[in-house]
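Below is one structure, written out as structure tokens; the observations come after it.
The values are calculated or read from the model by the stated rules, or taken from the named source; none is laboratory data. Nothing here was measured: the structure is a model prediction, and the numbers come from that model. When we count neighbours, we look across all protein chains shown, and the Cβ atoms used for this are built from the backbone with ideal geometry, even at glycine. Heavy atoms of the whole protein, side chains included, go into the accessibility calculation; ligands, DNA and RNA do not. Shrake-Rupley method; radii C 1.70, N 1.55, O 1.52, S 1.80 Å.
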Amino acid sequence: QVQLVESGGGLVQPGGSLRLSCAASGSFFSIGTMGWYRQAPGKQRELVARISSDGSTNYADSLKGRFTISRDNAKNTEYLQMNSLKPEDTAVYYCNMLYSDYVTPGYTEGWGQGTLVTVAS
């Protein structure tokens, strides 16, 4: 079983920055694409950013230039650097990973528990 543990959420003022982290632990032998999603109150979960195993990235169009996704393969960890935060960025942020384990063929999708980011003055 694989656990994804997020950290770094909290309250920040508009224009501020936060860095989210998500670390994977458990029984797996490789991690493929990693990603971040968010869900604002009353809205559907949406993609924020993804990073593949070769480091290529893609972002939601509305977030390009403010958010940066990265990964540290040695630590099985992904990050989301969020700058110039706006009140509309307020949401629960979820990390997502595709991993290969010793039981299930192919890739399995895992989710973090979510971390709340609140942007308010």
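So the values come out like this:
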| quantity | calculated |
| --- | --- |
| Unique match (being within 16 Å of the chain's Cα centre (by Cα), farther than 14 Å from Leu18 by Cα and modelled with pLDDT of 95 or more) among Lys64, Lys75 | Lys75 |
| The one condition in (1) over 11 Å from Ile31 (Cβ atoms); (2) touching a Leu at 6+ places or on another chain (Cβ under 8 Å); (3) surrounded by 20 or more Cβ atoms within 10 Å (Cβ to Cβ) that Met97 fails to fulfil | (1) |
| Hits in the range 9-31 - residues which are more than 16 Å from Met97 (Cβ to Cβ) and either touching a Leu at 6+ places or on another chain (Cβ under 6 Å) or open to solvent by less than 50 Å² (accessible area, probe 1.4 Å) (or both) | Gly9, Gly10, Val12, Gly16, Leu18 |
| Among residues of the range 32-53, those that are within 27 Å of Tyr102 (Cα to Cα) and part of a strand (DSSP E or B), counted | 8 |
| Answer residue from the range 15-31, given it is part of a strand (DSSP E or B) and of a type in the set (Ser, Thr, Tyr) and is farthest from the chain's Cα centre (by Cα) among those | Ser30 |
| Breaking point among (1) in a strand (DSSP E or B); (2) farther than 13 Å from Asp89 by Cβ; (3) at pLDDT 95 or above; (4) of a type outside the set (D, E, K, R), for Leu11 | (2) |
| Pick from the range 102-121, criterion open to solvent by 100 Å² or more (accessible area, probe 1.4 Å) and either touching a Ser or Thr at 6+ places or on another chain (Cβ under 6 Å) or of a type in the set (Phe, Trp, Tyr) (or both), ranking: modelled with the highest pLDDT | Tyr107 |
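Residue-wise test of (1) in contact (Cβ under 8 Å) with a residue 12 or more places away in the chain; (2) aliphatic (A, V, I, L, M); (3) within 25 Å of Gln1 (Cβ to Cβ); (4) part of a strand (DSSP E or B).
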site	(1), (2), (3), (4)
Gly55	yes, no, no, no
Ser70	yes, no, no, yes
Leu80	yes, yes, yes, yes
Leu85	yes, yes, no, no
Tyr99	yes, no, yes, yes
